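Heads up: the structure comes next, in C-alpha cells.
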Amino acid sequence: MNSLVMRLRHTAHLLLVGMMTNYVWMLPAPSRVSMESVGMRHVLKWCPLQASCDAAVLYSVQFQGEFELSVLNGSWVDAPECQQTPHAHCDLTFDLGSDSDYNLRVRAQCESQRSAWTELSAPFNRRDTVLMAPEMAVTAVGDTLHVTFDELPLTAVVMVTVWKTGEDLQAAVYPMPAEQKLFHLDALQEGAVYCVTAQTVMGSNLHSSSTDTQCVPITGPDAAWKKPTTVTVTVIFVAALLFSVFWSFIHCRPDACQTYFHKEPLPHSLKPDWDFSTPMSPEEAELCEAIHVVPSAD
C-alpha cells in the first residue's frame, strides 16, 4: 500500500513539473545546435525558431570552460557579442581562448517568453578546428624570394618548403610565425628556378594540407633596375624624337618646307577625262560672236 502511494505521489510530481515547465518555457528550444570551426574561427550555429510570435525571436549564448567548472562552481558565462541577437549563429572565436573543453548552450526569447537552453551535444575544444591550406603568393625581386600569406590563424606556424628545380631532395623547410605573414630568402642563384609550398601547423598533431607548388625564376640583383632604366630611356628617346619633328615643322622656311613637303602631282591615270564644258545652242553662239569696230574717217 505504501509503495502504491509513493508511486502515485511520484507520478503526480512529474506531471506537476511537466506542467510548470510547459508554462514557464512557452517557446520551443533551439534545435540542431552545432559548432563549425575552420582555421581557428569558431562559430556556433542552430536552426532558426519557427514560432508564432508577434516580435522578432532573439537568441542568447553562454559558455562554460574549465575555469568556470573548477573555480566558479560550474557557472555559465554570457557570450558578450551574442546576447539578444536575431541571428542563428554566434562567433565565439575570442571567447574560447584556451585549449580546454567548453560546454555551449543557446536559448530563444520572444518578448517576455523564453525557451529552455539547448546544449551542444559534446564539449568543444578549439584543437578540433579544421586547418585549411594557407593562401600564398610567390614573387622574385632581384635575387630574393618573397612569399606572402593571407588569413592565417594567429597562433599557428607556417612551414615554408623551398627547393631549386632539379634538386628536390635538397629542399629546405623554414618555420614562420603566422603573425609575420611575409617570408623572404636572399642571395639565390641567378637564372635558377625556385619552387615553394607551405603548410599551416598548430601543435604536434594539427596541420593543414600543403599549398599548390609555385615556381619563379630568379632574375638576379641587376634586374631590379634594368627594367625601369630601359623603360625610362625608351620614353626619353620617343619624347625627343617627337619634339624634334614638331620643332622642325614649326621653324621650317616656306621654300624649305615646299622642298621637303612638296605636293606630288596626280598621276595621269588618276586624272578625270570628263568634259565639264556646257554646250551652247546656235542662238547663244551667235550672241557671243565677236564684233569688230571700225573707226570713222574723222
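The values are calculated or read from the model by the stated rules, or taken from the named source; none is laboratory data. Given the structure is predicted, the values throughout are model-derived calculations rather than measurements. FYI the Cβ positions are ideal-geometry reconstructions off the backbone, even for glycines, and counts take in every protein chain you see. Just the protein is used for accessible areas: all its heavy atoms, side chains included, with ligands, DNA and RNA removed. Shrake-Rupley method; radii C 1.70, N 1.55, O 1.52, S 1.80 Å.
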>> Between A239 and E81, what is 0.36 nm times their sequence separation minus the Cα-Cα distance? Round to one decimal in nm.
In response: 50.7 nm
>> Taking R0 as 41 Å, what FRET efficiency do you get between D212 and D186 from their Cβ-Cβ distance, rounded to the nearest 0.05?
In response: 0.95
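Working out 0.36 nm times the residue gap between D150 and T232, then minus their Cα-Cα distance, what length gain in nm do you get to one decimal? Working shown, then result.
On the way: separation 82, 0.36 × 82 = 29.52 nm, distance 3.41 nm.
Fully extending the segment from D150 to T232 adds 26.1 nm.
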> Once the convex hull of the C-alpha atoms of segment 113-163 is built, how many Å³ does it hold per residue, rounded to a whole number?
Replying inline: 141 Å³
> When the convex hull of the C-alpha atoms of segment 20-132 is computed, what volume per residue in Å³ does it have?
Replying inline: 109 Å³
>> For a quick check of understanding: with a 1.4 angstrom probe and all protein chains in place, what accessible area in square angstrom does L185 have, to the nearest ten?
In response: 40 Å²
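Protein chains only, probe 1.4 Å: how do M26, M202 rank by accessible area, largest first?
Details: M26 115, M202 30 Å².
My answer, sorted largest first, is M26, M202.
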> Gain in length, S98 to Q50, computed as 0.36 nm per residue apart minus the alpha-carbon separation, to one decimal in nm?
Replying inline: 13.8 nm
> Can you give the convex hull volume per residue for the Cα atoms of segment 56-95, as a whole number of Å³?
Replying inline: 65 Å³
> Considering only T165, T200, H184, whose Cα is most displaced toward the positive end of the charge dipole of segment 148-213, charges sitting on Cβ of Lys, Arg (+1) and Asp, Glu (-1)?
Replying inline: T200
